[in-house]
Amino acid sequence: MNFNPALIVPELFQFILILALFAASVASGEKRVRAERWVPIAAAAGVVAALASHSATGLLFSGVYKLDGMSQFFKVVIAVCFLVTTLNASRQPTLDKDRRADYYLFLALSAWGLMLLSSTVELFSVYLALELSSYSLYTVIALRSKDKGAAEAGIKYILFGAVATALALFGLSYVLAGQHTTYIAELTTKSWHWADAPVAVVGLTLFLGGMFYKLALFPFHFWCPDVYQGTSNETATFVATLPKLGAVVVLVRLSAFLTPGLEITTVLAWLGAISMTLGNLCALAQRDVKRMLGFSSVAHAGYVMVGLVSGTAEGMAAAAFYALAYVAMNLLAFWVVSRVASDGRNLELDDLNGLYRRAPALAFAMAVGAFALVGLPPTVGFMGKLFLITAAWNHGYNWLVVVLAVNSAFAIYYYLSLVRHAYTEDAAPEGRSAPDTSVFSLVGAGVLSVIVLVLGFVPGPVFDVAVAAGRGLFH
Amino acid sequence: MDFAYPVLSSLIVFPLVAALGLLLVRGDALVRKVTMVALIIEIVLALPLTAYHFNADFQFVERLSWVPQWGLEYHLAVDGISILMVWLTLFTMPLAVLCSWTGISKRLKEFHVCLLIMTAACIGVFTAMDLVLFYVFWEAMLIPMYLLIAVWGGDDRRYASIKFFLYTLTGSTLLLVAIVAFRIAGGTFSIPDLMTQTFGFRFQCLCFLAMALAFAIKVPMFPFHTWLPAAHVQAPAAGSVILAAILLKMGTYGFLRFCLPLTPAAAEYFAPMMIAVSVASILYGGVVALGQTDIKKLVAYSSVGHMGFVTLGIFLFNQRGVEGALFQMLNHGVITGGLFMMIGTVYERSHSRDIQKNLGLGKYMPAFMFFWGLFSLASFGFPGTNGFVGEILVFVGAFNHSLLVGALLVPGALLSAAYMFRVGLKMAWGQPSSAKSWSDLCLREWLFLAGPAVMVFYIGLAPGLFFQMITPSVDKLLADYDTRRGAVVDAAPVQTPAPAATGTEKN
């Protein structure tokens, strides 16, 4: 057994954090330290741990757990996102005080599952890690005090999740039957033509369904707007960002053998095209900001497919970079949503009216986030989209690139209405709580805006890491 | 040419720095003055550009690597096609600040920040020599312009601003795809490098159409023009001036910079269509302008017509036509910019853009009517004014091309005389309603109108300097076009599996 604990420091650290949170959640009421105080600090230490082991490589546990550029890249991103989401959740108004430790416990578990997911290279382990990250979220979504919508959202998430994972498991059995292995490295060497291995192709398609569910790709997207709307703003921030990273990393690994022209690749391209178009068109009609962002993430899931179907290292890197860009933009948008709705209510578009006057910094951050989500320069959204298009052009799916470009045109309207309400409408509705303009809120919005802008100006260094990770998959 | 500082970069960076600095300034009067000073310093910074050599080379080149993995470069330069547009931008911006000195009262600081960001983005569009960099500036410019219309506009500003944004962004989505296609087929994003390459005919046609859609919406050409009257009418005076003087030029600049050099065969193939659409723009713009009761709308529709002359000149592919197009671009900026400033001036007095509410100004505002008359004459190309130089060149080019096209332009030119006279006569000699109490132009208004007025005469009477600037580049453009339009690699597959896509050849 070639087990070396030094290789999996981020996972171990997260696991210790989980144990500590478990202890905190069973500790008696008076003595416990308030979790929202120390968890962000621990999460920051987790980022350091992830950064420290960013160059770890190795194959552990009989070859099911691989540490390579891709996994370490995603672990760093997951750790950073976990830090931001814990900070964001530290002022959650709709969470009972005595449930805080439990809440963080489940978030940490889910993030841990995603970290494991980014390293697993064997389909059963992928499935287990996926379940680990999903199960903890099922609980968290319903944790919104005195809100029946949250319970409904939780039920929906469980039901869809159960169906999707059942499909994935069913598909897994077909893959095993068809190709006689579940190791991705060995699957890569097999033929994935429909003519050669129809059973395996059907199985893999079903298995991918599990990932599509996490990513909210059509036709597994139905839960997404409902869950975003029903659950609290802070939980939605988590659900909208971290699980997507886990799904993308697995899809990137599997796409290594989904070369252009295969039936299954074409299916992916079609699902991507339908997903982006449907997501954008549905978002046009929304008034609830979180619901709109939910449909927007359906559309963005479609965009990621553009990189995946290209079958090149650049395409994988572009997809990974876009996942990062997407997460950065959404963290920014949800941060603003959480801060503006300082009493934890659901934010309507009208609630943003006159935000430029009530909280200029938050309004600016909202504008940066919205323009980034459209894909306007000079933001990371534009660079991500440019990389996707450049990587995918001339690899057999040019029509998909055109669909992506045209979709940006659909998307402008609803993202622009975020800016329009924040900047040009003056009459704010009466009787709503004022936005949170504390230093905490403004610094967070500022830092996230700077990240979105700086990655748009100088994407080079981060992209280098992504390319190195993408190349690593093709050895 | 060596200067102590990178001239073009400083022109882009300085307004952004000034915009940041403006955030710290308190007090409305100070904000205006600081912006004004910043824009004057901007012109001073641009003085090295006067050392421009009258040849066809790209000058003041700055080239740095930006994102090496994808071959993106920070590449700026000017040539005869762009340098006039850079100067036009530099001189229009201070006028835009001056003409909104009293008209804008709310959120003053943000307004001027938008103007400064606008300056940087416009200079960037005209100097970028990397396709992606161009696209970045091209899109980035939408945001401040959107805000100018949406926040400081008239009653219908939300509708107009969203229409403007949707139209222009929708048009440019496919431009991005074309840019990427050029990268994959040509191996570089650099415009000068791509200009030396030849692409397959089908590829050229598709790219031409994708680019032409973006540029035609921006110009705007006839079927895509509907955003323009809405945006012009609702925008504040400064917004209209920038829109008319600078933004519309970006469309025609795009045709000259991208469509002709990169896709010559397709440009030739689609030229009849473009000529037909241009002539339609001229006639349609003129006829619709004739029927307007709103002065601003009238000038907006006249823009459609005048920009039709520009696109027509470009797609005639002869020396006179293209020179005329470039002149017309400059002239339209000067004249229509002036007209929109005048409309802003009179609006501050009458609070109406209706012709009927602005009658009989000849007696009470003689100086105003003098400038209005001057710009009107220039607008329909009266000899001795700058409008004449541009129009006559396009006319010569058109008759060179074919008698039919030339003959169709005649009613277009007549129409512009008719609608400018119609509104001018009413404003000068109509029965005044409330104009009796209005004061004539103040010193500030004299200042911002005198500049364009001088240019009207200067270009009109002594266009030699401008010819020297543009002729070498136009010659080169057309010579390149002539040699390359036939040389299409028809046999080669259009979508070659370029190694660029896999990234193996990079670095």
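Yes/no per residue for (1) of a type outside the set (Gly, Ala, Ser); (2) free of Cβ contacts under 8 Å to residues at least 40 places away in the same chain; (3) surrounded by fewer than 21 Cβ atoms within 10 Å (Cβ to Cβ):
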site: A:ILE141; (1), (2), (3): yes, no, no
site: A:ILE155; (1), (2), (3): yes, yes, yes
site: A:GLY161; (1), (2), (3): no, no, no
site: A:THR165; (1), (2), (3): yes, no, yes
site: A:GLY171; (1), (2), (3): no, yes, no
site: A:TYR183; (1), (2), (3): yes, no, yes
site: A:HIS193; (1), (2), (3): yes, no, yes
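In this structure, is A:ALA285 without any contact (Cβ under 8 Å) to a residue 60 or more places away in the chain and open to solvent by 10 Å² or more (accessible area, probe 1.4 Å)?
yes
Test B:SER281 against the stated conditions and say whether it is more than 26 Å from B:GLY406 (Cα to Cα), part of a helix (DSSP H, G or I), of a type in the set (Ser, Thr, Tyr) and touching a residue at least 60 places away in the same chain (Cβ under 8 Å).
So B:SER281 fails the test.
Quick grid of which residues meet (1) within 13 Å of chain B (Cβ to nearest Cβ); (2) within 20 Å of A:VAL380 (Cα to Cα); (3) outside any loop (DSSP other than H, G, I, E, B):
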{"residue": "A:ALA434", "(1), (2), (3)": "no, no, no"}
{"residue": "A:THR437", "(1), (2), (3)": "no, no, no"}
{"residue": "A:PHE440", "(1), (2), (3)": "no, no, yes"}
{"residue": "A:SER449", "(1), (2), (3)": "no, yes, yes"}
{"residue": "A:LEU455", "(1), (2), (3)": "yes, yes, yes"}
{"residue": "A:ASP464", "(1), (2), (3)": "yes, yes, yes"}
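Residues are listed down the side, and each one gets a yes or a no for (1) charged (D, E, K, R); (2) modelled with pLDDT under 90:
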{"site": "A:GLY46", "(1), (2)": "no, yes"}
{"site": "A:LEU51", "(1), (2)": "no, yes"}
{"site": "A:GLN92", "(1), (2)": "no, yes"}
{"site": "A:ASP98", "(1), (2)": "yes, yes"}
{"site": "A:ASP102", "(1), (2)": "yes, yes"}
{"site": "A:GLY113", "(1), (2)": "no, no"}
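Only one residue in B:ALA237, B:ALA231, B:ALA244, B:ALA214 is open to solvent by 10 Å² or more (accessible area, probe 1.4 Å) and within 28 Å of B:TYR159 (Cβ to Cβ), so which one is that?
B:ALA237
Working carefully through the options B:VAL125, B:VAL97, B:VAL136, B:VAL78, find the one that is within 20 Å of B:PHE3 (Cα to Cα), buried (at least 22 other Cβ atoms within 10 Å of the Cβ) and not aromatic (Phe, Trp, Tyr).
After applying the criteria, what remains is B:VAL78.
State the number of residues belonging to the stretch A:223-274 that are open to solvent by less than 10 Å² (accessible area, probe 1.4 Å), more than 14 Å from the chain's Cα centre (by Cα) and of a type in the set (S, T, N, Q).
Qualifying residue count for the region: 5.
Is it the case, given these coordinates, that B:VAL334 is open to solvent by 10 Å² or more (accessible area, probe 1.4 Å), under 20 Å from the mean Cα position of the chain (by Cα) and not aromatic (Phe, Trp, Tyr)?
yes
Give me the pairs: first residue in the stretch B:89-103 and over 19 Å from B:ILE41 (Cβ atoms), second residue buried (at least 22 other Cβ atoms within 10 Å of the Cβ) and polar (S, T, N, Q), beta-carbon distance under 8 Å, and six or more apart or on different chains, which are they?
Filtered contacts from the stretch B:89-103: B:CYS99/B:THR345.
Wholly within the stretch B:95-193, which helices (runs of 4 or more DSSP H) include no fewer than the required count, namely at least 1 residues that are more than 12 Å from chain A (Cβ to nearest Cβ) and touching a strand residue (DSSP E or B) at 6+ places or on another chain (Cβ under 7 Å)?
Output list reads B:108-127.
Just for the stretch A:176-228: of the residues that are small (Gly, Ala, Ser) and not in a loop (DSSP other than H, G, I, E, B), which one is nearest to A:TYR127 (Cα to Cα)?
A:GLY210
Please count how many residues of the stretch A:410-432 are over 26 Å from the mean Cα position of the chain (by Cα), at the interface with chain B (Cβ under 10 Å from one of its Cβ atoms) and either within 26 Å of A:ALA319 (Cα to Cα) or free of Cβ contacts under 8 Å to residues at least 24 places away in the same chain (or both).
2
Residues to consider are A:THR86, A:THR120, A:THR94; find the one that is out of contact with any Cys (no Cβ under 7 Å at 6 or more places or on another chain) and closer than 20 Å to A:ALA469 by Cβ.
It is A:THR120.
B:LEU142: buried (at least 23 other Cβ atoms within 10 Å of the Cβ) and within 28 Å of B:GLY80 (Cα to Cα), yes or no?
For B:LEU142, the condition - buried (at least 23 other Cβ atoms within 10 Å of the Cβ) and within 28 Å of B:GLY80 (Cα to Cα) - is not met.
Taking A:SER145 as meeting all but one of (1) at pLDDT below 85; (2) open to solvent by less than 30 Å² (accessible area, probe 1.4 Å); (3) under 25 Å from A:PHE222 (Cα atoms), write down the number of the exception.
(2)
For every residue, the table says whether it meets (1) in contact with a strand residue (DSSP E or B) (Cβ under 8 Å, 6 or more places away or on another chain); (2) of a type in the set (A, V, I, L, M, F, W, C).
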site: A:ASP98; (1), (2): no, no
site: A:TYR104; (1), (2): no, no
site: A:LEU107; (1), (2): no, yes
site: A:SER110; (1), (2): no, no
site: A:VAL126; (1), (2): yes, yes
site: A:LYS148; (1), (2): no, no
site: A:ALA153; (1), (2): no, yes
site: A:ALA166; (1), (2): no, yes
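State yes or no: is A:ALA468 of a type in the set (A, V, I, L, M, F, W, C), out of contact with any His (no Cβ under 6 Å at 6 or more places or on another chain), open to solvent by 10 Å² or more (accessible area, probe 1.4 Å) and assigned to a loop (DSSP other than H, G, I, E, B)?
The answer is no for A:ALA468.
Residue under question is B:PHE201, and the condition is that it be buried (at least 21 other Cβ atoms within 10 Å of the Cβ) and either among the hydrophobic types (A, V, I, L, M, F, W, C) or more than 9 Å from every other protein chain (Cβ to nearest Cβ) (or both); does it hold?
no
Criterion first (in a helix (DSSP H, G or I), surrounded by 19 or more Cβ atoms within 10 Å (Cβ to Cβ) and either of a type outside the set (Asp, Glu) or in contact (Cβ under 8 Å) with a residue 60 or more places away in the chain (or both)) does B:PHE421 satisfy it?
no
List pairs: first residue in the stretch A:71-92 and more than 20 Å from A:ALA318 (Cβ to Cβ), second residue polar (S, T, N, Q) anywhere in the structure, Cβ distance under 7 angstrom, at least six positions apart or on different chains.
Short answer, once both residue conditions are applied: A:THR85/A:THR237; A:THR85/A:THR241; A:ASN88/A:THR237; A:ASN88/A:SER338; A:GLN92/A:SER232.
Could you tell me which residue of the stretch A:396-409 is surrounded by the fewest Cβ atoms within 10 Å (Cβ to Cβ), considering only residues that are at the interface with chain B (Cβ under 9 Å from one of its Cβ atoms) and among the small types (Gly, Ala, Ser)?
Restricting to residues being at the interface with chain B (Cβ under 9 Å from one of its Cβ atoms) and among the small types (Gly, Ala, Ser), the top hit is A:ALA409.
For the stretch A:317-395, give me every one of the helices (runs of 4 or more DSSP H) that falls completely inside it and has 2 or more residues that are open to solvent by 10 Å² or more (accessible area, probe 1.4 Å) and either more than 30 Å from A:SER118 (Cβ to Cβ) or within 12 Å of chain B (Cβ to nearest Cβ) (or both).
Because the criterion is at least 2 residues that are open to solvent by 10 Å² or more (accessible area, probe 1.4 Å) and either more than 30 Å from A:SER118 (Cβ to Cβ) or within 12 Å of chain B (Cβ to nearest Cβ) (or both), the helices (runs of 4 or more DSSP H) in the stretch A:317-395 that meet it are A:355-358, A:360-374.
Picking from B:GLY344, B:GLY360, which residue would you name as being under 18 Å from B:GLN234 (Cβ atoms) and touching a Pro at 6+ places or on another chain (Cβ under 9 Å)?
B:GLY344
The values are calculated or read from the model by the stated rules, or taken from the named source; none is laboratory data. The structure presented is a predicted model; accordingly, all values stated were derived computationally and were not measured. Cβ: placed from backbone, ideal geometry, glycine included. Neighbour counts: every protein chain shown. Heads up: the accessible areas ignore ligands, DNA and RNA and are worked out on the full protein's heavy atoms, side chains in. Shrake-Rupley method; radii C 1.70, N 1.55, O 1.52, S 1.80 Å.
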